[in-house]
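**Student:** Below: one structure in structure tokens.
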Ligand code: C2E
Ligand code: MG
Ligand code: MG
């Protein structure tokens, strides 16, 4: 084996050549490796530096002679102390030290110094070999590597961490997550997806996402979704899918398309929230907001909403629509007497019956209390509506059974038509209400169609109501008196008090125009007391002044008659006015007593007990049965003026009057004929045996001053 030529060894005849080659190789290698070297012989103090030493230190051979102290001085000031050992010949040992060299041009290099000392036990250090390596690039590369490692190392950590978090989010999210490939084939789902859909991961993977579609969306919906994904890479919205159980359910979905670097879609990620519960509570809330809790019918809000939609449709198509408002008659007294739970039953049962008769597209709602409203679509003719109204009445008039006991109800209904009576829901409903009120006024248990005059009447009624409230305080009421005449003796012993309202504008309003309003507003109670007191006081004064016997008749209204305090009020009035009870007669009508006969009889008996007499006014217009009439403690029948009016011409009226007179005689009742205007009527009445008459033929109702004059003339004459 041939030993490698040693650059510093003499190898014989080829030595020079070899040496020179070896030196070239060495110089080249030192240059490439950026390693300079020195050789120092302590014995001879000879120090040689290789060429690369000069390169590294950036000095030329001319400017620098090899010198270890000079080498140390090439280091940066702060490193010079660290490198001082290079000059200490007593401290020679093998070492590797790094330091910074300051180049003459100011740049810095990092160098590594290796020192190897050769020892001889006898001579000590025989030589020192030193290497000076420029490691700047290496160190910088290492530093960069460290930075890179640090940066990338952390970054990789972050990514890793992020992936970890993402995985946890994926696993624990309450949103269902589904990842599909570009064709929609499911590649991954999370546990929430399984919880929502009922499909385990194993069942879902490999399926196309379409396998969960419900039939609630059309093609257009999906093509819009796909377009959005293609164009924006995203789609968000509500979608109905089908669970494994078969149940369709709504979910809020966000679908994101993932693309590769060429922009090609590779995956879709779908994140979805099950909206079933939200929808349910939304629906419950919606239901509460738009339905009546007692009957489950749509409430006024929903009704108006539907009506509005319907009208806008009907406005375009020319469809005719009817709005009906129905109010149960006398529901309040049922509710008061049976109690609210039974009252609720009537309302629920009414709702059930009404709902049962509706065609699809028609709507019934509970407006309030015992008021219901209907919308009837596609009204072809009035006959159409009358058919519905009859049906409604039949339904309501069927007995309501409570504890096997039948109860009978009736209803009053008002009807308005679109477009004739109003073009918007508010005016239609308002007008249906007006018509319904009119049906009530007309005796209940019937229906009325709205007419334009109802609206005008309603507004003038409002005005009337506000001035009526002030009229009593302002002393605007006055009593007129109309005599009742005894036909045989032509004497006047009694009179009827009739109220008048002298309004602040100078006009006089008759009782027919305001009594029912005073009833509704409750004003009739104080007004009635004032009338009774005035009539009683006036009569007592006249009786005293002219020393005659008089009897005054005072009309009672329904509400007054039913007032719990009526008997006490009458008694008190007689007391304070000092009129003896036998000089007072109260006029009632058949309708007042028809509703609750037993109660009416009780009240009448109490009034009779006070000593006053009772007359049945307007007799013949109501439906009193004779058996009831017999039970009422009344003394007089006043034949309604409508029969008297036709007396001379209409044989029927004459027959009716004759019947009433003979019946009254049989029952031992007095008879008064009202509205006698002419001598013919008077003669017939006389022939038929009527003893008392009242009418314009003798006198119109007169203010008290005129009545006194007439009274005086009678008593003087
Ligand atoms: P009513 O009690 O039957 O009174 C008779 C009505 O007929 C009165 O009308 C009277 O003016 C009118 N009348 C009398 N004779 C004739 C006649 O020959 N021809 C015609 N066409 N009419 C005649 P009025 O005063 O307008 O009263 C109308 C109704 O108002 C009364 O009918 C009564 O029901 C009610 N009313 C009048 N005053 C009072 C009152 O003070 N209290 C109450 N609660 N109701 C009253
Ligand atoms: Mg009367
Ligand atoms: Mg009358």
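**Student:** When the chain is fully extended, how far beyond the present Cα-Cα distance does residue 182 get from residue 383, taking 0.36 nm per residue of separation?
**Tutor:** 65.9 nm
**Student:** Given Cα pairs under 8 Å that are at least 6 residues apart, what percent is the relative contact order of the chain?
**Tutor:** For the chain, the relative contact order is 6 percent.
**Student:** Taking other Cβ within 10 Å of each residue's Cβ, how do 416, 262, 289 sort, fewest first?
**Tutor:** 262, 289, 416
**Student:** Computed FRET efficiency, Cβ-Cβ of residue 288 and residue 426, R0 25 Å: what is it to the nearest 0.05? Show your work: numbers first, answer last.
**Tutor:** On the way: r = 24 Å, r/R0 = 0.95.
So, using R0 = 25 Å, E works out to roughly 0.60.
**Student:** Cα axis of helix 651-666 to longest principal axis of the chain: angle in degrees, 0 to 90, nearest 10?
**Tutor:** Around 80 degrees separate the two axes.
**Student:** Taking R0 as 56 Å, what FRET efficiency do you get between residue 504 and residue 404 from their Cβ-Cβ distance, rounded to the nearest 0.05?
**Tutor:** 0.45
**Student:** Continuing with this model, one more query. Using the basic label-point model (7 angstrom from Cα toward the beta carbon), what is the residue 200 to residue 114 distance in nanometres?
**Tutor:** Taking the two extended label points, one gets 6.6 nm.
**Student:** Classify the range 419-510: rounded, prolate or oblate, from the alpha-carbon gyration tensor (a ≥ b ≥ c, eigenvalue square roots; a/c under 1.5 rounded; otherwise prolate if a/b is larger than b/c)? Walk me through the intermediate numbers first.
**Tutor:** Values: a/c = 4.02, a/b = 1.92, b/c = 2.10.
Cα axes put the range 419-510 in the oblate bin.
**Student:** Here is a further query. Going by average Cβ density within 10 Å per residue, which order do the peptides 332-338, 401-407 take, highest to lowest?
**Tutor:** 332-338, 401-407
**Student:** Summing -39500 (n - 2.57) over the DSSP H runs of n ≥ 4 in the chain and dividing by its residue number, what mean residue ellipticity at 222 nm do you reach, to the nearest 500 deg cm²/dmol? Present the calculation step by step, with values, prior to reporting the outcome.
**Tutor:** On the way: 26 runs with 327 residues, N = 717.
Computed mean residue ellipticity for the chain: -14500 deg cm²/dmol.
**Student:** Just report the Cα centroid separation between the range 215-285 and the range 661-679, whole Å.
**Tutor:** 88
**Student:** Once fully extended, how much extra length lies between residue 709 and residue 29, figured as 0.36 nm per residue of separation less the alpha-carbon to alpha-carbon distance?
**Tutor:** 229.0 nm
**Student:** Compute the distance from the alpha-carbon center of the range 112-135 to that of the range 583-624, in whole Å.
**Tutor:** Rounded to whole Å, the Cα centres lie 147 Å apart.
**Student:** What is the order of 269, 165, fewest Cβ neighbours within 10 Å to most?
**Tutor:** 165, 269
**Student:** Highest mean first, what order results for 648-657, 123-132 on Cβ atoms within 10 Å?
**Tutor:** 123-132, 648-657
**Student:** May I pose another question? Between rounded, prolate and oblate, where does the range 503-608 land on the alpha carbon gyration tensor, with a ≥ b ≥ c its root eigenvalues, rounded for a/c under 1.5, else prolate if a/b exceeds b/c?
**Tutor:** Working: a/c = 2.02, a/b = 1.11, b/c = 1.82.
Verdict is oblate for the range 503-608.
**Student:** For the Cα atoms of the chain, what angle does the longest principal axis make with the long axis of helix 340-356, in degrees from 0 to 90, nearest 10?
**Tutor:** Result, in degrees: 80.
**Student:** Defining a contact as two alpha carbons under 8 Å apart and six or more residues distant in sequence, what relative contact order in percent does the range 463-716 show?
**Tutor:** 19
**Student:** Over the chain, what portion of Cα pair distances is larger than 36 Å, expressed as a whole percent?
**Tutor:** 70
**Student:** For Cα pairs less than 8 Å apart in space and 6+ apart in sequence, what is the mean separation divided by the residue count of the range 214-364, i.e. the relative contact order in percent?
**Tutor:** 12
**Student:** Arrange the peptides 679-691, 317-329 so that the one whose residues have, on average, the most other Cβ atoms within 10 Å appears first.
**Tutor:** My ranking of the peptides, most packed first, is 317-329, 679-691.
**Student:** Which shape class applies to the range 307-434: rounded if a/c is under 1.5, otherwise prolate when a/b exceeds b/c and oblate if not, where a ≥ b ≥ c are the square roots of the Cα gyration tensor eigenvalues?
**Tutor:** Prolate.
**Student:** Now a separate question. I want to check the label-to-label distance for residue 545 and residue 606. Put each point 7 Å from Cα in the C-beta direction and report it in nm to one decimal.
**Tutor:** It works out to 3.4 nm between the two label points.
**Student:** Provide 536, 117 in ascending order of the number of other Cβ atoms located within 10 Å of each residue's Cβ, fewest first.
**Tutor:** Result, fewest neighbours first: 117, 536.
**Student:** Between residue 45 and residue 256, what length in nm is gained on full extension when 0.36 nm per residue of separation is reduced by their alpha carbon distance?
**Tutor:** 67.9 nm
**Student:** Over the range 35-134, one equal point on each Cα, no solvent: what is log10 I(q)/I(0) by the Debye formula at q = 0.21, 0.22 Å⁻¹?
**Tutor:** -1.09, -1.19
**Student:** Please report the spacing between the Cα centers of the range 373-446 and the range 470-547 in Å, no decimals.
**Tutor:** If we compute the Cα centre of each part, the gap is 38 Å.
**Student:** I want to check the label-to-label distance for residue 80 and residue 65. Put each point 7 Å from Cα in the C-beta direction and report it in nm to one decimal.
**Tutor:** Here the modelled spin labels are 2.1 nm apart.
**Student:** Shifting gears a bit: Nearest 10 degrees is fine. How inclined is helix 566-577 to the longest principal axis of the chain, computing both from alpha carbons?
**Tutor:** Once rounded, one gets 60 degrees.
Quick note: the coordinates plus some simple rules give every number you see, no bench work behind them. Please read all numbers here as calculations on a predicted model, not as lab measurements. So basically every Cβ, Gly included, is an ideal-geometry build from the backbone, and we count neighbours across all protein chains shown.
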